[in-house]
Amino acid sequence: MSVSTAVPLPSRMDPEQKRLCQQHLVLILHAYNCHRYRDPSKQCPLHHCQTMAEVITHMKTCPEGRFCPEPHCVSSRWVLSHYKNCHSLDCPVCGLWISKQIGHKIQPHQIP
């Protein structure tokens, strides 16, 4: 385990919170890498891919930061900030994703 500068997780994370955070991270990473994000004329069968692609596009120019009222902007920023800085294989949010993607983790400069 390495020391992490990740946005800290809540001190008590119930299984449902953990599942929702994991799902959010997977959806954001999928949407970022999906062909649909690059070419909106293409369709992706994954539910919410289009929504997350729109959130990513919004986040690139969002002036509100953590006070943005746009749905999913603030939570997506939190999940991405944590993911970008987390290196813990025991992390309840991204540990499984990190362990599956060792050597292939999207670099912080690639995500808005």
Self-check item: Residues (surrounded by fewer than 16 Cβ atoms within 10 Å (Cβ to Cβ) and assigned to a helix (DSSP H, G or I)) located in the stretch 14-42
Solution: Pro15, Glu16, Gln17, Lys18, Arg19, Leu20, Gln23, Asn33, His35, Arg38
Exercise. Please go through the stretch 87-97 and pick out each residue that is under 12 Å from the mean Cα position of the chain (by Cα) and either modelled with pLDDT of 85 or more or not aromatic (Phe, Trp, Tyr) (or both).
Key: Val93, Cys94
Exercise. Kindly list, by first and then second residue, each pair from a residue in the stretch 35-53 that is of a type in the set (A, V, I, L, M) to a residue that is part of a helix (DSSP H, G or I) and at pLDDT below 80, limited to pairs with Cβ atoms under 9 Å and residues at least 6 apart or on different chains.
Key: Leu46/Arg36; Met52/Tyr37; Ala53/Arg36; Ala53/Tyr37
Quiz prompt | The one condition in (1) of a type outside the set (Gly, Ala, Ser); (2) modelled with pLDDT under 90; (3) crowded, with 19+ Cβ neighbours inside 10 Å; (4) closer than 12 Å to Leu25 by Cα that Met52 fails to fulfil | solution = (2)
Quiz item: Which of (1) open to solvent by less than 80 Å² (accessible area, probe 1.4 Å); (2) closer than 21 Å to Gln22 by Cβ; (3) of a type outside the set (Ser, Thr, Tyr); (4) modelled with pLDDT of 80 or more is the odd one out, the single condition His72 does not satisfy?
Solution: (1)
Quiz item: So Lys105 clears everything in (1) closer than 14 Å to Asn33 by Cα; (2) at pLDDT 90 or above; (3) of a type outside the set (Asp, Glu) except one condition, right? Which one?
Solution: (2)
Quiz item: Among all residue pairs at least 6 apart or on different chains, which show Cβ distances below 8 Å where the first residue, located in the stretch 68-92, is of a type in the set (Asp, Glu) and the second is open to solvent by less than 70 Å² (accessible area, probe 1.4 Å)?
Solution: Glu70/Val55; Glu70/His58; Glu70/Cys62
Quiz item: Tell me, which residue of the stretch 43-67 that is on the phi < 0 side of the Ramachandran plot and part of a loop (DSSP other than H, G, I, E, B) is farthest from the chain's Cα centre (by Cα)?
Solution: Gln43
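The values are calculated or read from the model by the stated rules, or taken from the named source; none is laboratory data. Predicted model only: the values in this text are computed from it and were never measured. Cβ sites come from the backbone with ideal geometry, for glycine too, and all protein chains shown count toward neighbours. Accessible surface is based on the protein model in full, side chains and every heavy atom, while ligands, DNA and RNA are left aside. Shrake-Rupley method; radii C 1.70, N 1.55, O 1.52, S 1.80 Å.
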